[in-house]
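The values are calculated or read from the model by the stated rules, or taken from the named source; none is laboratory data. Predicted model, so just to flag it, every value in this text is computed and none were measured. A quick note on method: Cβ atoms are made from the backbone with ideal geometry, for glycine too, and the neighbour counts reach across all protein chains shown. Only protein heavy atoms, including side chains, enter the accessible area calculation; ligands, DNA and RNA are left aside. Shrake-Rupley method; radii C 1.70, N 1.55, O 1.52, S 1.80 Å.
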Amino acid sequence: MGRSRYKIYEPTHPHFVTCTILNWLPIFTRKESVDILIQSLKHLQKEENLKLYAYVFLENHIHLIVQSDDIGRSMRHFKSFTAKELLKLLQKENAETLLKQFRFYKKAHKKDRTYQIQTDGMMINKIKYIHHNPVKRGYVDEAIHWRYSSARDYEGIDGLIEVDRFW
């Protein structure tokens, strides 16, 4: 994931975060790569008091609504861990084409974005946006059908990661 230039004003408030893969390369197309994201978020929930309100993982980017005691630190830990683990996975699987593309695009850093959630209305809008993303892209007809999303949690169905639905 590219280098970030987060502008965090209230590090303990919920934030809408988008992380993109360098040059939008499709990394999250296999269960093993998505499992790295899940493992990292679960670790941060346990170790850094990360609260995850909503998420969606697509093939080349992710959206999160998260909160922790220090969101900047938590996101640095998340991105550092996932980048290292994803590179290990690609090397293990001899994904030479993707690894070459990463080396080529290394200097063209994509800025990730984060926005502080300031109102309940903004929180609801961002959750809807996150959940509707796979529908908008034509991957599924209904948001709850996308496995790698918290949409199921908001419909009373257990998802892949524990989600805090009350803020």
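Suppose we keep only residues that are open to solvent by less than 10 Å² (accessible area, probe 1.4 Å) and hydroxyl-bearing (Ser, Thr, Tyr) within region 24-55. Which one would you say is farthest from Glu162 (Cα to Cα)?
Ser33
Going by the structure shown, is Lys79 open to solvent by 60 Å² or more (accessible area, probe 1.4 Å) and either under 19 Å from Glu10 (Cβ atoms) or not polar (S, T, N, Q) (or both)? Before the answer, list the steps.
Working: open to solvent by 60 Å² or more (accessible area, probe 1.4 Å): no; either under 19 Å from Glu10 (Cβ atoms) or not polar (S, T, N, Q) (or both): yes.
The answer is no for Lys79.
Do the conditions hold for Asp141, that is, is it open to solvent by 50 Å² or more (accessible area, probe 1.4 Å) and of a type in the set (Asp, Glu)?
So Asp141 passes the test.
Restricting to region 25-40, and then to whatever is of a type in the set (S, T, N, Q) and part of a helix (DSSP H, G or I), can you tell me which residue is nearest to Phe81 (Cα to Cα)?
Looking at residues that are of a type in the set (S, T, N, Q) and part of a helix (DSSP H, G or I), I get Ser40.
What pairs can you find where one residue is in region 139-157 and within 20 Å of Glu32 (Cα to Cα), the other is open to solvent by 70 Å² or more (accessible area, probe 1.4 Å), and their Cβ atoms are less than 7 Å apart, with a gap of 6+ or different chains?
Trp146/Tyr139
If you check Leu98 against the conditions, is it surrounded by 13 or more Cβ atoms within 10 Å (Cβ to Cβ), assigned to a helix (DSSP H, G or I) and of a type outside the set (D, E, K, R)?
yes
Identify, by number, the condition in (1) within 14 Å of the chain's Cα centre (by Cα); (2) not in a strand (DSSP E or B) that Leu90 doesn't meet.
For Leu90, the failing item is (1).
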